[in-house]
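Following: one structure in structure tokens, then a few remarks.
Just so it is clear, none of the values below were taken in a lab; they were calculated from the coordinates. Everything numeric in this text was worked out from a predicted model, so none of it was measured. For neighbour counting, all protein chains shown are included, and Cβ atoms are generated from backbone atoms with ideal geometry for every residue, glycine included.
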Amino acid sequence: MRPGPHNLLTDVPGLMVGHASCARLRSGATVVVGQDRFTAAVHIAGGAPGTRETDLLAPDKLVRQVDALVLSGGSAFGLDAASGVMDGLRRAGRGYRVGAQIVPIVPAAILFDLGNGGDKDWTANPYRDLGLQALEAASTDLATGSVGAGAGATTANLRGGLGSASLVLESGVTVAALVAVNALGQVTVGDGPEFWAAPFEMGAEFGGLGIGHGHDPAAPPRIKGVRPGEATTIAIVATDADLDQAHAQRVAVAAHDGMARAIVPAHTPLDGDLVFTAATGARPLTDPVAETLAIGHAAACVLSRAIARAVFQADPSPEGMPPAWCERFGAR
């Protein structure tokens, strides 16, 4: 396996990503949209999720494909980012047709960044506009770090962010991840600069530092001081494989292994940890069971790497937020 040409989610042909960020708000939104509709599924492993339109992604539900997926900051307010995306898609004539009406299907998930020191004293919810701005900015030119849904994210000891990574399998199938890391726990090992995801690093994509030593992995984990609902890591794993919803859901389940390898602790009662799968269907599968296994393993690997890259690529922090990795451990 090797990274895709850009080591980003947009290495999956047909998918685009857009961000909208607000420095004053210290928050933002990210949208993944395809040239066409795509199959989607979801798996939630955290105890405090915030979601919209996720029930319809179950394999037994009517709608088989979606028009976009949204990740946003803003806690429950951020779910309104999907409304802005729906507005833009409807104007473009995209959506699920019900008689004479067009209804864009836009599942969404949020993280809590309301306590990061930004200006949250708004009189009108800003996330609808941020969602529309993110859709209008969608392209294959994907920025990472302190942008979009990761603009105001934090972890137990460092600034969080938005990361991405990709793999091309021997079969030619591409698997990629996009993640907003706002974890209760740590992405780095102990007090050092090394990442828990180090065994899965390709090249020096997050510093080439190897595995940290001198830290007891069984020691009580360091967590940031939050209350229920004040954390959450949300991700999208994407592939060009032709997955139905049942197989796409298995990939989302498998991808959570990557989250647990890269964040300690993960999937806590206070995080809303969630993974969407997006499958464009461009590459038919000859052995869906065996190939879904391989895609799920790859999804876990790319998600681990994307999580580390999100923290590694974060910008220096404004006052009131934890330091960025580059501030604490030196230039990238």
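Rounded to the nearest 0.05, the FRET efficiency derived from the C-beta distance between residue 64 and residue 204 at R0 = 35 Å is 0.30. Mean residue ellipticity, 222 nm, helices only, the chain: the sum of -39500 (n - 2.57) across DSSP H runs of n ≥ 4, divided by residue count and rounded to 500, is -6500 deg cm²/dmol.
Other residues lying with their Cβ under 12 Å from the Cβ of residue 247 contribute a combined charge of -3, Lys and Arg counting +1, Asp and Glu -1. Using r as the Cβ-Cβ distance of residue 125 and residue 287, and R0 as 41 Å, what FRET efficiency do you calculate, to the nearest 0.05? E(calc), rounded to 0.05, equals 0.30. Local charge for residue 63 was computed over the other residues whose Cβ lies under 12 Å away, with Lys and Arg +1 and Asp and Glu -1, and equals 0. Highest mean first, the peptides 160-171, 285-296 sorted by other C-beta atoms within 10 Å per residue fall in the order 160-171, 285-296. Think of each Lys and Arg Cβ as +1 and each Asp and Glu Cβ as -1; about the Cα centre, that makes the dipole of the chain roughly 340 debye. Summing charges over neighbours of residue 171, with a neighbour being any other residue whose Cβ is under 11 Å away from its Cβ, gives -3 when K and R count +1 and D and E count -1.
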